[in-house]
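Q: One structure, as structure tokens, below. Some questions next.
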Amino acid sequence: KLYWEAQTANDIGYDRDLLPDIYDWLERMTPQSLVDFHEQYVKNRPFNILVMGDRERMPFAFLERFGPVRELGLDELFRF
């Protein structure tokens, strides 16, 4: 896990561990700062949702409320 965290930080241009900064930010976070973060980085941005499970139990009607649903087969998900 640590390798992947370091690699991710490196990929976005950081050469040090970001977890201390994240923990510090979380300790100082207020409800308003969470709203501000959502407004700046999340609201009105496109996103994808991946749901895996038994097709017979999948809540397709609920998922379609978020946008178009595309069903993939195992061969499309696991190409190895």
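Q: Can you tell me the 0 to 90 degree angle between the C-alpha axis of helix 2-11 and the longest principal axis of the chain, rounded to 10?
A: The answer is roughly 80 degrees.
Q: A further question on this structure: What is the helix-to-structure angle for 31-41, meaning the angle in degrees between its Cα long axis and the longest Cα principal axis of the chain, kept from 0 to 90 and rounded to the nearest 10?
A: 70
Q: Per DSSP H run of n ≥ 4, the term is -39500 (n - 2.57); total these for the chain, divide by its residue number, and report the mean residue ellipticity at 222 nm rounded to 500 deg cm²/dmol.
A: -13000 deg cm²/dmol
Q: Further question: Once the Cα atoms of helix 19-28 and of the chain are each reduced to a long axis, what angle between those two axes, in degrees from 0 to 90 to the nearest 10, is obtained?
A: Between helix and principal axis, roughly 80 degrees.
Q: Please list the three semi-axes, largest first and in whole Å, of the ellipsoid equivalent to the chain, using sqrt of 5 times the eigenvalues of its alpha carbon gyration tensor.
A: Over the Cα atoms of the chain, the ellipsoid semi-axes are 32, 22, 12 Å.
Q: Let me ask something else. Pick out which of Ile49, Ile22, Ile12 has the largest mean-square fluctuation in a Gaussian network model of the chain, springs linking Cα atoms closer than 10 Å.
A: Ile12
Bear in mind that the values in this text are calculations on the coordinates, not laboratory data. These numbers were taken from a predicted model, which means no experiment stands behind them.
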